[in-house]
2 protein chains.
Amino acid sequence: MTTKTVVNGVDVDQLVDTVGAIKEQPDIAKFRFRASNQWVNGGHSRTTIQSFYGAGQEDDTRSEPIVLDSDEPPVLLGENKGANAVETVLHALASCMSVGFAYNAAAQGIRVDGMEMDLEGDIDLHGFLGLSESTRPGYENIRLSCRIKTDASEDKLAELSEQVQKTSPVLDILRNPVPTSVHLEKAP
Amino acid sequence: MTTKTVVNGVDVDQLVDTVGAIKEQPDIAKFRFRASNQWVNGGHSRTTIQSFYGAGQEDDTRSEPIVLDSDEPPVLLGENKGANAVETVLHALASCMSVGFAYNAAAQGIRVDGMEMDLEGDIDLHGFLGLSESTRPGYENIRLSCRIKTDASEDKLAELSEQVQKTSPVLDILRNPVPTSVHLEKAP
């Protein structure tokens, strides 16, 4: 008979096993994630996400693709058929920090009884519209505010926050440059 | 009687009017986007996106919120209830570039008859798992490959690509640092 240690919905035994496996075989930590996108019309496009490579193999656990629509609101010439691209960036950061807090808390034995975040980002559209070379097209800044319901002390939470900020993939992607290549070709 | 000039599903007259209005009143280009996130369990969280501030007012065109779930795959201790955070980053980039190509092409009178993109990103989980201080937690690199069906010349497309890369908000967010603040507090 075996019992599982589950904290915050996280299988802590699996987490410990994963860390152990990576220490023995560092290459299984190399992941390659993928997405495909098809333009629909105007500001509306559709992204399909399904397979990825990780832990030394192609992942086939998603029998159906995950489909995500994106569009602009009417003021930006779209029809609200989905969140727009920069709102999606806030969603990516939120979900990353949520995983980070839940998993790291679980690893430290901190029980999370609830967690909520609010995010906002400021952007000046002079950049996107090509009206200014000195205005960056992206967010000037992003603010995230998180409330966690827990019995842990304020000190423990501050430590947790430091650890999560040091290890969050999307926070790193935002705070530091990611080499990103763009290749465009004419379809036959 | 008025006729609308619509190219690639983009109302070019509205685009020209928007640019004109911003030139007269630069402050209307300042936008603030928002998202809220609620943790569900383990790697699963749910983001809600609805209002934003832009063009000098609160936008109220979305009568219902846009709800997006995120989760990890089983190999990363989740249950595939949504794309994970770094896959969502690829979705954000794809949708941003799609809007960029469709809108800039429309402004230049280039008809787009179809557009598809494939994206991939490489990440080494030593960073996320706190197993290495020298491995960044986020993507080491991202590659985007785009095929556009169009009658425009190769030269025109190359120009378009340069313009879109210079003005894409999410590409800028990835290629350059965004000051991002994180505030954590204990819920009462």
Exercise. Can you find, among B:Ser168, B:Val6, B:Gly20, the residue farthest towards the positive end of the dipole of chain B? Put +1 on the C-beta of Lys and Arg, -1 on that of Asp and Glu.
Key: B:Gly20
Practice problem: Would you mind checking which residues have amide H under 5 Å from B:Gly9's amide H? H placed 1.01 Å from N; only 5 or more apart, or other chain. | Solution: A:Gly42
Self-check item: In order through the stretch B:181-187: 3J(HN,Hα) via Karplus (6.51 cos²θ - 1.76 cosθ + 1.60), integer Hz, x for Gly, Pro
Solution: 9, 10, 10, 10, 9, 7, 5
Quiz item: Which one of B:Ser145, B:His183, B:Gly130 is farthest out on the positive end of the charge dipole of chain B, using unit charges on Cβ (Lys, Arg +1; Asp, Glu -1) and the Cα centre as origin?
Solution: B:His183
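Counting only GluC sites (Glu not before Pro) that sit in a DSSP loop (anything but H, G, I, E, B) with at most 16 other Cβ atoms within 10 Å, what is the longest stretch of chain A containing none of them? Working shown, then result.
Details: sites that count: A:Glu79, A:Glu133, A:Glu140.
In chain A, the maximal stretch lacking such sites is A:1-78.
Checking a compactness column here: for the protein assembly as shown, what do you get for Rg(Cα) / (2.2 N^0.38 Å), N being the number of residues? Don't jump to the answer; show the numbers that get you there.
Working: Rg = 20.9 Å, N = 376, 2.2 N^0.38 = 20.9 Å.
For the protein assembly as shown, the normalised Cα radius of gyration is 1.00.
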Exercise. Would you mind checking A:Lys81/A:Lys166; A:Lys30/A:Lys166; A:Lys166/B:Lys166; B:Lys30/B:Lys81; A:Lys4/A:Lys156; A:Lys30/B:Lys186 for any pair whose Cα atoms are more than 28 angstrom apart?
Key: A:Lys81/A:Lys166; A:Lys166/B:Lys166; B:Lys30/B:Lys81; A:Lys30/B:Lys186
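Let me spell out the model: positive unit charges on the Cβ of Lys and Arg, negative unit charges on the Cβ of Asp and Glu, origin at the Cα centre of the protein assembly as shown. What dipole size does that give, in debye rounded to 20?
Numbers: 34 positive and 58 negative charges, 18 e Å.
My answer is approximately 80 debye.
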Exercise. For the stretch B:74-91, just list the computed ³J(HN,Hα) in residue order, Karplus coefficients 6.51, -1.76 and 1.60, θ = phi - 60°, integers in Hz, with x standing in for Gly and Pro.
Key: x, 4, 10, 6, x, 10, 6, 7, x, 5, 7, 4, 7, 5, 5, 4, 5, 4
Quiz item: Shielding of A:129-141 by partners, i.e. mean partner chain Cβ atoms within 10 Å per residue?
Solution: 6
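Calculate the all-directions average of the projected area of the stretch A:25-82's alpha-carbon convex hull, and give it in nm². Could you put the intermediate results ahead of the total?
Working: hull surface 19.7 nm².
Computed as one quarter of the Cα hull surface, the answer is 4.9 nm².
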Self-check item: Spin-label proximity, B:Ala187 to the stretch A:1-35 - amide N less than 18 Å from point 7 Å beyond Cα toward beta carbon
Solution: A:7-10
Quiz item: Any idea how far apart B:Ser51 and B:Glu79 come out in nm if each label point goes 7 Å out from Cα toward Cβ?
Solution: 3.3
Quiz item: In the stretch B:25-82, with Lys and Arg counted as +1 and Asp and Glu as -1 at Cβ, which of these residues, B:Asn41, B:Ser70, B:Phe31, has the Cα nearest the positive end of the dipole, that is, farthest along it?
Solution: B:Phe31
Quiz item: How many Cβ atoms of partner chains, on average, are near each residue of B:147-159 if near means within 10 Å of its Cβ?
Solution: 2
Quiz item: Based on the alpha carbon coordinates of the stretch A:95-151, what radius of gyration and maximum Cα-Cα distance (Dmax) apply, in Å?
Solution: 17.2, 52
Quiz item: What number, in percent, do you get for the relative contact order of the stretch A:25-82 if the mean sequence gap of Cα pairs under 8 Å and at least 6 apart is divided by its residue count?
Solution: 31
Quiz item: Do any trypsin sites (Lys or Arg not before Pro) in the stretch B:33-128 lie in a DSSP loop with no more than 13 other beta carbon atoms within 10 Å, and if so, which?
Solution: B:Arg111
Quiz prompt | Computed [θ] at 222 nm, helices only, for chain B once each DSSP H run of length n ≥ 4 contributes -39500 (n - 2.57) | solution = -10000 deg cm²/dmol
Practice problem: Please give the per residue volume of the convex hull enclosing the alpha carbon atoms of chain B, rounded to a whole number of Å³. | Solution: 196
Quiz item: When the dipole is taken about the Cα centre of the stretch B:25-82, and only Lys, Arg (+1) and Asp, Glu (-1) are charged at their Cβ, what size is it in debye, to the nearest 20?
Solution: 120
Quiz item: About its Cα centre, how strong a charge dipole does chain B have in debye, to the nearest 20, once Lys and Arg get +1 and Asp and Glu get -1 at the Cβ?
Solution: 300
Quiz item: How high is the FRET efficiency between A:Ser63 and B:Gln25 when r is their beta carbon distance and R₀ equals 51 Å, given to the nearest 0.05?
Solution: 0.50
Quiz item: Taking neighbour Cβ counts within 10 Å as the exposure measure, how do A:Lys23, A:Lys166, B:Lys4 sort from fewest upward?
Solution: B:Lys4, A:Lys23, A:Lys166
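Computed from the coordinates by the stated procedures, all read-outs in this text should not be read as laboratory data. What you are looking at is a predicted structure, and each value in this text was computed from that prediction instead of being measured. Note that we place each Cβ from the backbone using ideal geometry, even for glycine, and neighbour counts take in every protein chain shown.
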